[in-house]
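The values are calculated or read from the model by the stated rules, or taken from the named source; none is laboratory data. Just so we're clear, the structure is a prediction, and the values are computed from it rather than from any experiment. In this analysis, Cβ positions are derived from the backbone assuming ideal geometry, glycine residues included, and neighbour counts consider all displayed protein chains. Note: areas computed on protein heavy atoms with side chains; ligands, DNA, RNA excluded. Shrake-Rupley method; radii C 1.70, N 1.55, O 1.52, S 1.80 Å.
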Amino acid sequence: MNYRPPFMIFIKDPETKEWIKSIGVIPEMLNVIKMAYGFSYKLVEPYDGQWGKNLDNGTWNGMIGMVIRKEVDLAASSITMMDKRETVIDFTVPFFQESSTILLPRPGQQADLFSFVAPLEGEVWLTMLLSLLLISFAIYFVNLQSRNLRMPYPQFPLHVFSQWYRPLWYNVGAVLQQGGAIPLSHSSRVLLMAWLLVVLVIMNLYKGILIAFLTIPETSKFADSLEELASQNLIKWTFLKNTVYESLFTKNSDYEVMRMIGKPFEDNPNELVSSSKEGVERVLTGRYAFIKEKSYLEVAINEDFYKTGQCRFSLTKQEFFPIGYGLVLQEKSPVLHLFNSKIRQMMEAGLLTKWHKQYFNINNDCTSLSRPRLGEYPLSLKDLQGSFALLGAGLILSFLVFVVEVIFYRFFKKRIKV
């Protein structure tokens, strides 16, 4: 047997580091079968820690090799049922089926300098700018004609909106929800009322969406499927050597994506990991993805969360390569039908489902990619960097305008007077 939670879990002595007992789905199964047929068993680990692969010299390693050589009578772990393996041993009926997925470093928050413009599409910003210029010119034109026609507006001097830039500054202030002197003519006030109504709607929508953008930040993920993993160059990937994955990701596969996943290891097989624990540790470096059965990866995420209090991993949404697990007996074993009968009874009674839930206890949100709830995310400086960048650009532009004004009034005005 091999350590493989939640199916096979070893309890070790904290001092000697030797395992005292085993728990999990498979020990529960073996205990029921033992009580039914009245036999005893002793669990031993394979000498190489492997499940079982057909080597180049024709022999088999790992647990399957031990069964073939009759060193053990039974191999009990999450051993994948494969046609090639069934030519040399006998599998029981599958007691569990699952798919594989990809373990990735936890997605990081995207740092976007222009996050403050993200709530509105570019065409909306462009339309707002054109509307601002058009309405400003229209107000200037209407008030200019009012002055030419000498319409009486005694409460304001006629020059308030007589310069082209005055309506523009007023409308910019309206967008920023600031007040100012209103236009003089009634016709321009009607036009301005329509403009302010549009500004009111759009700016309030903008503020609401901006809050959502800042408090629920967008995250970046390396990949969400085998195709995306194979087509990106940000991180490498790996999987467990001497397992079914070496047969799956081969250059002889009928599927291009499988060939692409296996291609980096044709010339560099050392990139494959020798243990699942090593694969998880590589993901922690932030430079690797690890391909493995989903149940194992979810348990690994759960254990890491309780150890560190942090969600340091993520899983891809895609699941692939559905496989079945079975116990391994020697070829043409006379007890195969007895094991199959009892496993079917346990499945019908719901015992396997009960044990899986019992030992596969995930009590945190780290295995999902759900976004944090509104208000749970504290804003940092990088969330507002675009706003401060805009302020810096405004300071620079203001200084440049100031320099132009100084040059104009000191030099050009003097020459005009002379």
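At a probe size of 1.4 Å, how large is the accessible area of Ser275, to the nearest 10 Å²?
Number for this one is 50 Å².
If you rank Phe265, Phe408, Phe305 by how much accessible surface each has, with a 1.4 Å probe, what is the order from largest down?
So the residues, ranked largest to smallest area, are Phe408, Phe305, Phe265.
Which value, in Å² and to the nearest 10, is the accessible area of Val201 when all protein chains are kept and the probe is 1.4 Å?
Only protein atoms counted, so the area is about 80 Å².
In terms of Cα to Cα distance under 17 Å, which aspartates and glutamates are near enough to Lys84, apart from those fewer than 8 places away along the same chain?
Asp56, Glu246, Glu331
Give me the extension gain from Leu234 to Val335: residue separation times 0.36 nm, minus the current Cα-Cα distance, reported in nm with one decimal.
31.3 nm
Quick check: with the 1.4 Å probe, what order do Asp83, Asp56 take by accessible area, largest first?
Asp56, Asp83
Ignoring ligands and nucleic acids, what accessible area does Arg166 show with a 1.4 Å probe (Å², nearest 10)?
Around 90 Å² of this residue is reachable by solvent.
From the protein chains alone at 1.4 Å, what is the descending order of accessible area for Lys292, Lys207, largest first?
Putting Lys292, Lys207 in descending order of accessible area: Lys207, Lys292.
How many nm is it between the label spots at Arg69 and Gln345, if each spot is 7 Å from the Cα in line with the beta carbon?
Each label point lies 7 Å from its Cα, and together they span 3.5 nm.
How much net charge surrounds Pro269 when only the other residues with a Cβ under 11 Å from the Cβ of Pro269 are counted, with Lys and Arg +1 and Asp and Glu -1?
Residues close to Pro269 contribute a combined charge of -3.
What are the aspartates and glutamates whose alpha-carbon lies under 20 Å from the alpha-carbon of Lys21, with same-chain residues fewer than 8 places away excluded?
Within the straight-line limit of under 20 Å, Lys21 reaches these aspartates and glutamates: Asp13, Glu45, Asp73, Glu303.
List the pairs from Lys236/Lys342; Lys70/Lys342; Lys12/Lys332; Lys307/Lys342; Lys221/Lys277; Lys12/Lys34 whose alpha-carbon separation is above 32 Å, in the order I gave them.
Lys236/Lys342; Lys12/Lys332; Lys307/Lys342
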